[in-house]
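Visitor: First, the structure itself, so that you have it in front of you.
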Amino acid sequence: EKFLAKALEIFKEVIYVKAPQARRFMHGDMIFNRISENLGVFFPPAFIETYVISKGKRSEINIRTFLAERNMELIELSDAEQQNWGSSFVPLEPNVIINYDISLNELTKKRLQQRGVQIIEFHPQALLAGGGSLLCLTLRLWRS
């Protein structure tokens, strides 16, 4: 609650997701990521309860419907894709992402490519030795 109060000093609303208490869901990028302003991927079973919170108001939402009302389409990831870091990609610019070649199945790749997404793939062997996902291992600590 203290975090939400602080976040609402900066943002007009915050989306809160209650996710399963399992290692594979420990970071937000393991269940959701944006590709562009209007497109993202997500793993629906991880969204046990989802709320939009603003000052003085808290409403339970369906994340897909909520974002669709804001002109954002969500592509659903399978269980295997989620476990293979399907949403832990690095967006280089809108509709251009770097991702592991093992992360997404052919159907998901096709759906993304039909929406104009360019996927730059590589095998994760060397990076996985670092103990984190692609996004975690490339995350900037400071943006100016």
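The values are calculated or read from the model by the stated rules, or taken from the named source; none is laboratory data. Predicted model only: the values in this text are computed from it and were never measured. Please note: Cβ atoms are built from the backbone with ideal geometry, for glycine as well, and neighbour counts cover all protein chains shown. Quick note on the areas: whole protein, heavy atoms, side chains included, nothing else; ligands and nucleic acids left out. Shrake-Rupley method; radii C 1.70, N 1.55, O 1.52, S 1.80 Å.
Visitor: Going by the conditions given, is Ile63 among the aliphatic types (A, V, I, L, M), under 20 Å from Lys109 (Cβ atoms) and modelled with pLDDT of 95 or more?
Guide: So Ile63 fails the test.
Visitor: A further question on this structure: Taking into account only those residues within the range 39-51 that are open to solvent by 20 Å² or more (accessible area, probe 1.4 Å) and either in contact with an Asp or Glu (Cβ under 7 Å, 6 or more places away or on another chain) or part of a helix (DSSP H, G or I) (or both), which is nearest to Arg111 (Cα to Cα)?
Guide: Filtering the range 39-51 for residues that are open to solvent by 20 Å² or more (accessible area, probe 1.4 Å) and either in contact with an Asp or Glu (Cβ under 7 Å, 6 or more places away or on another chain) or part of a helix (DSSP H, G or I) (or both), the one nearest to Arg111 (Cα to Cα) comes out as Pro44.
Visitor: Could you list, in sequence order, all residues of the range 17-34 that are surrounded by 14 or more Cβ atoms within 10 Å (Cβ to Cβ), over 12 Å from the mean Cα position of the chain (by Cα) and more than 17 Å from Leu74 (Cβ to Cβ)?
Guide: Answer for the range 17-34, where residues must be surrounded by 14 or more Cβ atoms within 10 Å (Cβ to Cβ), over 12 Å from the mean Cα position of the chain (by Cα) and more than 17 Å from Leu74 (Cβ to Cβ): just Arg24.
Visitor: So Ser59 clears everything in (1) of a type in the set (Ser, Thr, Tyr); (2) surrounded by 17 or more Cβ atoms within 10 Å (Cβ to Cβ); (3) over 14 Å from the mean Cα position of the chain (by Cα) except one condition, right? Which one?
Guide: (2)
Visitor: Now for a different question. How many residues are β-branched (Val, Ile, Thr) and in contact (Cβ under 8 Å) with a residue 40 or more places away in the chain if we restrict to the range 1-57?
Guide: Of the residues in the range 1-57, 7 are β-branched (Val, Ile, Thr) and in contact (Cβ under 8 Å) with a residue 40 or more places away in the chain.
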